[in-house]
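Every number in this text was worked out from the coordinates using simple rules, so none of it is lab data. Since the structure is predicted, the reported quantities are computational estimates derived from the model, not experimental observations. Quick reminder, even Gly has a Cβ in these numbers, built from the backbone with ideal geometry, and neighbours come from all protein chains shown.
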Amino acid sequence: MEPANFPTEPSRPNRPLVVGIGGALGGGLGVGLILLLHYFYPVLGKLEDIYGASGIPVLAIIPRYHTDFGKDHRLLVLHESDSFIAEQYRVLYTKIHDLRQENTHKIFAITSALQNEGKTVTALNLAVVMARDFGKRTLVLEGDFRRPSIPLYLKVDLEEGLVDILSSKSGLQPTMVPVANTLVPFADDNLAVLPAVRRTQSSTSHLSSPRMRDLFDVLREQYDFILIDSPPILPLSDMNIFEEVVDGIVMIVRAESTTRDTVQKALDTLGTDKVLG
């Protein structure tokens, strides 16, 4: 009889086996979850996804920039005019300029399928590029009466705006009175902004009024380009009113956020051939 030999290592748990099985299960679960999310929530993240979802051209790809611009409402093209992002806004302008059929096509709606996709920032940055870099007389008109946000970028306190013009009973004259009292010169001598200022829930009645059409007739004579920061397409009916008076529509899609079905539903809701891209 000899004394027992003590083991030199524990019999269990088998740590390499546990780590291997855990890694395989974790990796498989992660990949499976990604595939499930991609299947049930197919966001648009690549250029090819846009073509596959809508069939309309992509005018420009604006990279995201992780700064505090969104917090203090500054525009990147004003502070970094030589950046790659600013160059992409110039590309966007040239595409719009090439796609418009004639010089009478001046009014363009900047919209998106849903809120918070970047339409206001895009409209303002694009307008600065048009006015400053290409010398175009440009007006940004705020058409989102339910959630006006342009005054945040102007850094001014306004008592009256577009809503007041449409609510007034005085006539519109070719001299742009009372429109001139509400215009805000912004960033360049060629650029002016007509914000909504006041929030209103009766936006449909204002937008569809004859006074709105008269206003567009007056502004057409004063500017080379009019960019409308339009309401989102799906939650509201306001965009359907704008499509009747604009010459073209540019749709903003937030990469890795907006789904393919959302974009397609928005395009079906518009039901128009005015979408430039």
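Cross-link pairs exceeding 19 Å between alpha carbons, from the set Lys95/Lys155; Lys106/Lys136; Lys95/Lys265; Lys106/Lys265: Lys95/Lys155; Lys95/Lys265; Lys106/Lys265.
When peptides 258-271, 134-147 are ranked by their average number of other Cβ atoms within 10 Å per residue, the highest-first order is 134-147, 258-271.
Could you sort 17-30, 76-89, 244-257 so that the peptide with the highest average Cβ count within 10 Å comes first and the rest follow in order?
Highest mean packing first, the order is 244-257, 76-89, 17-30.
Net charge of the neighbourhood of Pro195, taken over other residues with C-beta under 13 Å away and scored Lys/Arg +1, Asp/Glu -1, is -3. Scoring 57-65, 91-99, 222-230 by mean Cβ neighbours within 10 Å over their residues and listing the highest first yields 222-230, 91-99, 57-65.
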